[in-house]
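First up is the structure itself, then whatever we jot down about it.
The values are calculated or read from the model by the stated rules, or taken from the named source; none is laboratory data. Remember, it's a predicted structure, so these values are computed and weren't measured experimentally. When we count neighbours, we look across all protein chains shown, and the Cβ atoms used for this are built from the backbone with ideal geometry, even at glycine. Calculation scope for accessible area: heavy atoms of the full protein, side chains included, ligands and nucleic acids excluded. Shrake-Rupley method; radii C 1.70, N 1.55, O 1.52, S 1.80 Å.
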Amino acid sequence: MNPREKKEILNNISEKEFRQDLIIPLLSKMGYLAPIEYHGTNERGKDIICFEYDKLNEQRFLSVVAKAGDLTGSAASNAGLMNVVSQVQQAFDVPYEDLYNMRQVYINEVWVMTSGKIVSGAQESVINTLRKNNLDKQIKIIGDDRLIYLIDKHFSTYWNSNTETKESVIIQRDRLIFFIEKLLTVNNVDKSTIESVKASILYSDYNPTIAKNIEGLHISSVSPYSIELGEIDPEFDDFIVSKTYGVTSTIFQESKKQLSHSFFDIEETIDHANKISKLTNPWEFVVETQSNLVREYPFYKPYGDASKFIDNISLLEEGLNELKVFKAFLKHKSKLEWVKELAKSIPELLSEIESILENNKEDEVIINFKIDDSTNKVFIEYNNLDDSICFTTKFKRIELNGFQRNKDGTLPSIRVIDNALFIFRKYIEKALEYDEDKWLNEYED
C-alpha cells in the first residue's frame, strides 16, 4: 500500500474512529499503558490519556489532542492550530483526575495528532506561541506523514484491518511459521529449538532469539526481522571454560549480538534523518529536525559536520522567519510575484558575468544592473552613465587570499551573483520604503 492510499484511509475516518480504532491501540503498541478516551465537555485538552514509566520508575502522563482532517492556521476554526494551542495549555494547566489511583495528576507531555496534513506555516506559529510559556519542548505535533510512519512501525496491521478476513490472517500466519520452520531446519537446528522459536513467535511478547553450536556455525539471534548467522574458528569452538567468562563461543556470540544491538539506539535517528533529508519544505525541514534530531546523538553535543548542520538549522530558522515577514510585506504591497520574477532573472546572467570577468582588464570590476519592466527581468547595463541603473556591484579584479576567491585571486562569477542578489534586496527595500520594525508592529497586529 503506497503513501497516497494510506492518506486516503486516514482522510476517510471520523474523529471517533480516529480516537478509538487508531490512536488508542497505536499508543498501546508503542508501549504506553492504560490509554483511555477522555473526550467530552470537561476534557480540558485531553482527548486521550495514557502513561509510561521513566527510568526512575515514576509515571509520566501523556495527553493526546486528536483532530480528524487538516489542521489550518486559522484562529477562528476548530481545526486551527492556534485553537489547539489553548487546548494544549489547558491540558498542562488543569490536572487529570486519575480514577484508578484516586488522585489528581498533571500532564507531562502533549501530542497533537491529526489524520490530515498540517497547513504550511501554521505549525511554527504554534511552536513560537508555546515557546513563550516554555511549553514547546513538551509538545509534539503529528500530521499524516509522521502518523503513517508511526503506524508502519508499530501498528502496520491497521492498514489491512478492514479488508483482511479471519481466514486470510490464519493463512498468512501459517505461511510465515512454515517459512521459519523450514529456514531453521535447513540450517540444522534441532526440532525442540524450532518448536520453542515457533511458540515464542506465536505467544510471547518478546522477540525470539536462539543460539546453537553447529560445527562452528551459530544462529546467534532470531527475531521477526532477521536471523543472524555467526561463525567461530575451530580453534575456539570447544567447551573448555575460562575461569573469567566461561565458554568462549558463548561470550563471543553474545559480544557480537551486543555489538549489533549497540546500533539500535541510533536506528530511529538514522531513519528520521533519511526522512527529513527528503523534505522539500524548508520550514518542515527545520521543525522536523528540532523535533526529532537535535536531542539525539550525534546532534545533542555536535562537532564536525553535525555541528555545521545544527548551525545551519539555526541560520535557516532565523532566515525563514525574517523572509516570512519580508514576503508578507511584499504581498501586502502586491509586489511579491514581481520581486520573485526579478530575483529569479539575476542567476540567469551567470554566463554573461563570466564573460565580463574573463575580458575585464581593469583593477576594479564594476557591473551595473537595470530592470526591464516590460519583461520583469534584471539585465546588465554597460553604460556607466545611464541614469536608469538600479544597483551596482564592485569588486577588485584580483585579490590574493581574498574571501571566496579562486586560487589565483580571481573572482568566481557565482560570488557576483550572490552579491547582486543581496544588493537587489536592499534596492527593493529602499524602493518600497520597507521599515522592518514598523512593519513588524503592523504585521503582528
Checklist entry - What pairs can you find where one residue is in the range 397-417 and farther than 25 Å from residue 348 by Cα, the other is of a type outside the set (A, V, I, L, M) and exposed (fewer than 13 other Cβ atoms within 10 Å of the Cβ), and their Cβ atoms are less than 9 Å apart, with a gap of 6+ or different chains? => result 400/408
Checklist entry - What tally of residues in the range 360-396 results from selecting those that are closer than 29 Å to residue 409 by Cα and under 44 Å from the mean Cα position of the chain (by Cα)? => result 14
Next on the checklist: Of everything in the range 287-304, what is open to solvent by 30 Å² or more (accessible area, probe 1.4 Å), not small (Gly, Ala, Ser) and not in a loop (DSSP other than H, G, I, E, B)? Give them in sequence order.
Outcome noted: 288, 290
Item to check | Members of the range 382-413 found to be closer than 20 Å to residue 426 by Cβ and aliphatic (A, V, I, L, M), listed by number | outcome: 389
Next on the checklist: When you scan the range 267-286, do you find a residue that is modelled with pLDDT under 80, of a type outside the set (S, T, N, Q) and open to solvent by 80 Å² or more (accessible area, probe 1.4 Å), even just one?
Outcome noted: yes
Next on the checklist: Would you confirm whether or not the range 322-344 contains a residue that is of a type in the set (D, E, K, R) and farther than 30 Å from residue 286 by Cα?
Outcome noted: no
Checklist entry - How many residues does the range 104-121 hold that are modelled with pLDDT under 85 and buried (at least 21 other Cβ atoms within 10 Å of the Cβ)? => result 1
Checklist entry - With respect to the numbered conditions (1) in a helix (DSSP H, G or I); (2) more than 30 Å from residue 128 (Cβ to Cβ); (3) open to solvent by 70 Å² or more (accessible area, probe 1.4 Å), which one is the sole condition not fulfilled by residue 357? => result (3)
Checklist entry - Does residue 425 fit the bill of being open to solvent by less than 80 Å² (accessible area, probe 1.4 Å), basic (Lys, Arg) and assigned to a loop (DSSP other than H, G, I, E, B)? => result no
Checklist entry - Among 307, 334, 351, which is the only one that is in a helix (DSSP H, G or I), open to solvent by 70 Å² or more (accessible area, probe 1.4 Å) and hydroxyl-bearing (Ser, Thr, Tyr)? => result 351
Checklist outcome for this item: Exception for residue 135 within (1) at pLDDT below 80; (2) open to solvent by less than 20 Å² (accessible area, probe 1.4 Å); (3) more than 24 Å from residue 6 (Cβ to Cβ) falls at (2)
Checklist entry - Among the residues of the range 377-412, which ones are out of contact with any strand residue (DSSP E or B) (no Cβ under 7 Å at 6 or more places or on another chain), under 27 Å from residue 322 (Cα atoms) and buried (at least 16 other Cβ atoms within 10 Å of the Cβ)? => result 377
Item to check | Failed condition for residue 79, given (1) at pLDDT below 80; (2) closer than 14 Å to residue 51 by Cα; (3) of a type in the set (A, V, I, L, M, F, W, C) | outcome: (2)
